[in-house]
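The values are calculated or read from the model by the stated rules, or taken from the named source; none is laboratory data. Note that the coordinates shown come from a computational prediction; the quantities given were computed from them, not determined experimentally. Every residue, glycine as well, gets a Cβ built from its backbone with ideal geometry; the counts of neighbours run over all protein chains shown.
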Amino acid sequence: MTDSGTYRSSPPRARMASVPVLTGTGPVLVTGICGRLGKQLARALHRDRPVVGVDRRPFHDIPKDITHAQVDIRRKKLKDVFRAGDIEAVVHLGVMHDPRASAAEHHSWNVAGFTKLLEYVSQFRIPKLVVLSSANVYGPQPSNPQFLTEEAPLLGGQNFSDIRDLVEVDMLAQSFFWKLPETETVILRPVHILGSVHNAPSNFLRLDPVVTVMGFDPMVQVVHQADVVHAIELALRPGIRGIFNVAGPEPMPLSRYIKMLGRQRISVPYSLARIVMGRMWSLRLTTFPAPELDHIRYVCMVDDSRSRQVLGFAPRMSLEQTVQSVDEGRW
Amino acid sequence: MARGALHAHMDNNPVERAARGVHNGPLVPSAPNPPSNTTPNAPEPRAFPSLASLAPRAKSSLMALVRLGAAARHAPKIVKRLAGVADDAVDEALQALLGESFADRMAKVPLTLGPSGVDAFGLDPEWTKYVILTVATLHRKYFRTEIHGIENVPAGRVLLVANHSGQIPIDGALIAASMLMDASPPRFVRAMVEKWALSLPYVSLFFTRVGQVVGVPENAHRLLSQEEVLLVFPEGTRGIAKTFDQRYKLTEFGLGFMRLAMETGTPIVPVAVVGGEEQYVSIANVEAVAKLLHAPVFPIIPQLFLPGGQLPLPTKYRLWFGEPMRFSGDPDDDDAVIEEKVWLVRQTIQSMVNRGLKERKHIFW
């Protein structure tokens, strides 16, 4: 589905229409709005501009001025959402990261669903597209340079095949730069997001004791979820396009984060950890698949100078606030 | 028994049930390990506790392990005091070797440390203290390094290019020690480490904490743009794993360092290391074994089998720092053009090595 033919299927009349001017105040469509990050983004945006949410989950305690369409992004009904309001920007947060989901479901949701979304962006001439990818697409490797720039190859799927479709989502968004140059496409690649979100890094730091790999203590970058929301807001400004690595405060060795949280630490030799984790994974005793161990063995840090210079991004949360945020609002 | 195992496998295999996502009903008859056909002695499944009841037990045993670790870490006062005494002893020993306190010396070294006291590449000065004590002792007492021409190293970004020898990279450590202990102002040398080393437990931790980085061009560029000292061995593993008959004959140089120097406008200081080749006498390099172990080399060193022979022989090291060499031109030029420049550096180092060998009266003193 990566061929350009997909986007040519739009009707000729729509193609001829020029892309509307970006004002920065028009309606924003947010996919995956019911996730913890999505809700925060919605709260940050809805006072300044109309927000349209798309998610197959229900949006409880929804702010009154947010329109929510409870649809699966793979369904035709998504098109109605585009038809209804003249959407000015699309923020795609609805990427599935659930390693428990079947490979087929994962792939169809992430790749087929996103392709559908891109099709409508192209057909309805949406002038702005922001995609939340992740710095994990670079993949942790012993041969990684200390700071990966946006041009580094995306090798995340090399040793962890389950995230190949996440790499593919990033690639699909990249191909949009030349397929539809009138649309300002922004890809954000934040490092490990910490906060009340239920992602692997936050869940990992919530463990007690935290399991680490014996003899490894890589440098790790983290970013607060509120800073990611801020980065998305910045990316929505007119004139911004391109790929941006997003990093939070200064990096630290992994052990310092654990120390900062006052957690106990238990080091396990890699070979043992891999076997035990693989076994625990298949018995559903852990939420971490064994290949994720590479994240606590090898370095996967990014050079965020472009987002600081072009996007004007700077983390607002201190290191202490960012790290402690994993324990906020836990239950 | 066999019937029980079969029964367990067919009906109550918790792994398969779990994998299918079947959750109706408790996972009662289950085993800690998945029952399989290869374990004919699997007991009656009823004898085992449920997974749910196992989880807290596993957790409690895990916590016991953690407590053990914590007990070691939060050691009693006497141990702490002993550690404090040892720490003071380290400080004193370093003061004797450096001629000033470690903190004073490190304060003169330009480093950009983060809020956690660690720099972005993972260098931790607190950690390096103990390493520096070891290296400084080797430098001053064991190898009694003689240094010539260290004043040739210019301020700002610089590439130290040296011959590589001695099976383990003591030469690198001694060059770093001389830059920290004998150069004024003191400089912190960064070396580029083989990627393979960073996939090894503890080795990777050690190298990162003492400020060494993976040998990729991006890291080199970044360090040089921070005006740091970079140590390069263009011979790589070819040089360090030379057998004894090839001693002090420089092997082929890689071209990367020259392109790097030209791209970043960095002066090259040639360094000749004399004394490294005799510390471990290697009689052969078994490539087949090296391949098997995914290691770059596998040398045969007879002295390792003698008692105490595991230590390198206490040869006297002599380091010769040459005049800085500056190169200009297109860094993306043909290999042939770059090779000429590399040859110039290599010849300079070779002649410095030859001169050093001629001037040395004895291997050990």
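Output the residues belonging to the range B:171-196 that are free of Cβ contacts under 8 Å to residues at least 40 places away in the same chain and closer than 15 Å to B:LYS129 by Cα. Write out each step before concluding.
The initial filter retains those residues of the range B:171-196 that are free of Cβ contacts under 8 Å to residues at least 40 places away in the same chain, namely B:173, B:182-184, B:193, B:195.
If the condition is that a residue be free of Cβ contacts under 8 Å to residues at least 40 places away in the same chain and closer than 15 Å to B:LYS129 by Cα, then B:ALA173 is the only one that fits.
What is the residue count in the range A:17-54 for residues that are within 21 Å of A:LEU78 (Cα to Cα), of a type in the set (D, E, K, R) and within 19 Å of the chain's Cα centre (by Cα)?
1
Provide a single number: the residues in the range A:110-144 that are among the small types (Gly, Ala, Ser) and farther than 19 Å from A:GLY248 by Cα.
Within the range A:110-144, the first condition is being among the small types (Gly, Ala, Ser), and the residues that meet it are A:112-113, A:122, A:133-135, A:139, A:143.
After this cut, where a residue has to be farther than 19 Å from A:GLY248 by Cα as well, the list is A:112-113, A:122, A:143.
The total comes to 4.
How many residues does the range A:262-272 hold that are crowded, with 16+ Cβ neighbours inside 10 Å and either more than 9 Å from chain B (Cβ to nearest Cβ) or assigned to a loop (DSSP other than H, G, I, E, B) (or both)?
Taking the range A:262-272 and keeping what is crowded, with 16+ Cβ neighbours inside 10 Å, we get A:263-268, A:270.
From what is left, the residues that are either more than 9 Å from chain B (Cβ to nearest Cβ) or assigned to a loop (DSSP other than H, G, I, E, B) (or both) are A:263-264, A:268.
Going through the range A:262-272 one residue at a time, the tally reaches 3.
Of the residues A:ASP294, A:ASP217, only one is closer than 25 Å to B:MET63 by Cα, over 21 Å from the mean Cα position of the chain (by Cα) and not hydrophobic (A, V, I, L, M, F, W, C); which?
Values: A:ASP294 fails: over 21 Å from the mean Cα position of the chain (by Cα).
Just one listed residue meets the conditions, A:ASP217.
List every residue pair whose Cβ atoms sit under 6 Å apart, with the two residues 6 or more apart in sequence or on different chains, where the first one lies in the range A:92-114 and is in contact (Cβ under 8 Å) with a residue 60 or more places away in the chain and the second, anywhere, is small (Gly, Ala, Ser).
Taking only residues 6 or more apart or on different chains, the pairs are A:LEU93/A:GLY32; A:LEU93/A:GLY38; A:GLY94/A:GLY32.
Taking the range A:247-261, which residues are under 18 Å from A:SER305 (Cα atoms) and more than 10 Å from chain B (Cβ to nearest Cβ)?
The answer is A:ALA247, A:GLY248.
Output yes when any residue across the range A:157-168 is part of a loop (DSSP other than H, G, I, E, B), of a type outside the set (A, V, I, L, M, F, W, C) and at pLDDT 90 or above, and no when none is.
no
Every residue in the range B:197-222 that is touching a residue at least 40 places away in the same chain (Cβ under 8 Å) and of a type in the set (A, V, I, L, M), please.
B:VAL210, B:VAL213, B:ALA220
Is it true that A:VAL223 is surrounded by 22 or more Cβ atoms within 10 Å (Cβ to Cβ) and within 14 Å of another protein chain (Cβ to nearest Cβ)?
On the way: surrounded by 22 or more Cβ atoms within 10 Å (Cβ to Cβ): yes; within 14 Å of another protein chain (Cβ to nearest Cβ): no.
Criteria not met by A:VAL223.
B:GLN167 is checked against (1) modelled with pLDDT of 90 or more; (2) within 30 Å of A:MET214 (Cα to Cα) and fails just one. What number does that condition carry?
(1)
Quick one: in the range A:112-166, which of the residues that are β-branched (Val, Ile, Thr) and over 18 Å from the mean Cα position of the chain (by Cα) is surrounded by the fewest Cβ atoms within 10 Å (Cβ to Cβ)? Working first, answer last.
Filtering the range A:112-166 down to residues β-branched (Val, Ile, Thr) leaves A:115, A:121, A:126, A:130-131, A:137, A:149, A:163.
So of that shortlist, the ones also over 18 Å from the mean Cα position of the chain (by Cα) come out as A:121, A:126.
Numbers: A:VAL121: 24, A:ILE126: 26.
Looking at the filtered set, the residue picked out is A:VAL121.
Within the range A:169-180, can one find any residue that is more than 14 Å from chain B (Cβ to nearest Cβ), charged (D, E, K, R) and under 14 Å from the mean Cα position of the chain (by Cα)?
First, pick out the residues of the range A:169-180 that are more than 14 Å from chain B (Cβ to nearest Cβ): A:169-180.
Right, trim to charged (D, E, K, R) and you get A:170, A:179.
Filter again for under 14 Å from the mean Cα position of the chain (by Cα), leaving A:170.
Yes: the range A:169-180 contains one or more residues that are more than 14 Å from chain B (Cβ to nearest Cβ), charged (D, E, K, R) and under 14 Å from the mean Cα position of the chain (by Cα).
Suppose we filter the range B:165-189 for residues that are under 19 Å from B:GLU277 (Cβ atoms), outside any loop (DSSP other than H, G, I, E, B) and not small (Gly, Ala, Ser); how many remain?
4
Name the residues in the range A:193-220 that are outside any strand (DSSP E or B) and away from chain B (no Cβ under 12 Å), would you? Break it down into steps so the answer makes sense when it comes.
Taking the range A:193-220 first, the residues outside any strand (DSSP E or B) are A:195-209, A:214-218.
Once the filter is applied, which keeps residues that are outside any strand (DSSP E or B) and away from chain B (no Cβ under 12 Å), the range A:193-220 yields A:GLY195, A:SER196, A:VAL197, A:HIS198, A:ASN199, A:ALA200, A:PRO201, A:SER202, A:ASN203, A:PHE204, A:LEU205, A:ARG206.
When only residues in the range B:197-213 that are more than 15 Å from A:ASP294 (Cα to Cα) and in a helix (DSSP H, G or I) count, which is farthest from the other protein chains (Cβ to nearest Cβ)?
Per the criteria, the residue is B:PHE207.
Which condition does A:PHE176 not pass, out of (1) surrounded by 22 or more Cβ atoms within 10 Å (Cβ to Cβ); (2) assigned to a helix (DSSP H, G or I); (3) in contact with a strand residue (DSSP E or B) (Cβ under 6 Å, 6 or more places away or on another chain), if it passes all the others?
(1)
To keep it simple, each residue is scored yes or no on (1) of a type in the set (A, V, I, L, M, F, W, C); (2) buried (at least 17 other Cβ atoms within 10 Å of the Cβ).
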residue	(1), (2)
A:ARG279	no, no
A:THR286	no, yes
A:GLU292	no, yes
A:HIS295	no, yes
A:VAL302	yes, yes
A:ARG316	no, no
A:LEU319	yes, yes
A:THR322	no, yes
A:ASP327	no, no
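In the range B:216-240, which residue that is small (Gly, Ala, Ser) and surrounded by fewer than 22 Cβ atoms within 10 Å (Cβ to Cβ) is farthest from B:ASN285 (Cα to Cα)?
Looking only at the range B:216-240, we keep the residues that are small (Gly, Ala, Ser), and these are B:220, B:225, B:236, B:239.
Among the residues that remain, those that are also surrounded by fewer than 22 Cβ atoms within 10 Å (Cβ to Cβ) are: B:225, B:236.
Working: B:SER225: 38, B:GLY236: 15 Å.
Ranking the qualifying residues of the range B:216-240, first place goes to B:SER225.
Residue by residue through the range A:84-103, note down the ones that are modelled with pLDDT of 90 or more, farther than 14 Å from A:LEU166 by Cβ and either surrounded by fewer than 16 Cβ atoms within 10 Å (Cβ to Cβ) or of a type in the set (A, V, I, L, M) (or both). Write out each step before concluding.
Step one: of the range A:84-103, the residues modelled with pLDDT of 90 or more are A:87-93.
This time we only want the ones that are farther than 14 Å from A:LEU166 by Cβ, so: A:87-91.
Once the filter is applied, which keeps residues that are modelled with pLDDT of 90 or more, farther than 14 Å from A:LEU166 by Cβ and either surrounded by fewer than 16 Cβ atoms within 10 Å (Cβ to Cβ) or of a type in the set (A, V, I, L, M) (or both), the range A:84-103 yields A:ILE87, A:ALA89, A:VAL90, A:VAL91.
Is it the case, given these coordinates, that B:GLY84 is more than 24 Å from the chain's Cα centre (by Cα) and not acidic (Asp, Glu)? So that I can check it myself, show each step before the final result.
Values: more than 24 Å from the chain's Cα centre (by Cα): yes; not acidic (Asp, Glu): yes.
Answer is yes for this residue.
Could you check the range A:137-156 and list, in sequence order, the residues that are more than 23 Å from B:SER225 (Cβ to Cβ), touching a strand residue (DSSP E or B) at 6+ places or on another chain (Cβ under 8 Å) and either more than 11 Å from chain B (Cβ to nearest Cβ) or small (Gly, Ala, Ser) (or both)?
Passing the criteria: only A:VAL137.
Only one of A:MET317, A:MET301 is facing another protein chain (nearest Cβ under 10 Å) and within 22 Å of the chain's Cα centre (by Cα); which? Let's see the steps before the verdict.
On the way: A:MET317 fails: facing another protein chain (nearest Cβ under 10 Å).
It is A:MET301.
Among B:ALA103, B:ALA64, B:ALA52, which is the only one that is at pLDDT 70 or above, part of a helix (DSSP H, G or I) and farther than 23 Å from A:VAL210 by Cβ?
Working: B:ALA64 fails: farther than 23 Å from A:VAL210 by Cβ; B:ALA52 fails: at pLDDT 70 or above.
Result: B:ALA103 is the single residue among B:ALA103, B:ALA64, B:ALA52 that is at pLDDT 70 or above, part of a helix (DSSP H, G or I) and farther than 23 Å from A:VAL210 by Cβ.
Give the number of residues within the range B:234-290 that are of a type in the set (A, V, I, L, M, F, W, C), closer than 20 Å to B:GLY322 by Cα and either more than 24 Å from the chain's Cα centre (by Cα) or part of a loop (DSSP other than H, G, I, E, B) (or both).
To start, the set of residues in the range B:234-290 that are of a type in the set (A, V, I, L, M, F, W, C) comprises B:240-241, B:244, B:250, B:253, B:255, B:257-258, B:260-262, B:268-269, B:271-274, B:281, B:283-284, B:286, B:288-290.
Next, only the ones that are closer than 20 Å to B:GLY322 by Cα stay: B:250, B:253, B:255, B:257-258, B:260-262, B:268-269, B:271-274.
With the extra rule that they be either more than 24 Å from the chain's Cα centre (by Cα) or part of a loop (DSSP other than H, G, I, E, B) (or both), the set shrinks to B:250, B:253, B:255, B:262.
Matching residues across the range B:234-290 total 4.
Check A:GLY239, A:GLY278 and return the single one that is in a loop (DSSP other than H, G, I, E, B) and more than 11 Å from chain B (Cβ to nearest Cβ). It would help to see each step written out before you state the result.
On the way: A:GLY278 fails: in a loop (DSSP other than H, G, I, E, B).
Exactly one residue qualifies, and that residue is A:GLY239.
Restricting the search to the range B:117-148, which residues are surrounded by fewer than 18 Cβ atoms within 10 Å (Cβ to Cβ) and in a loop (DSSP other than H, G, I, E, B)?
Within the range B:117-148, B:GLY117, B:ARG144 meet the criteria.
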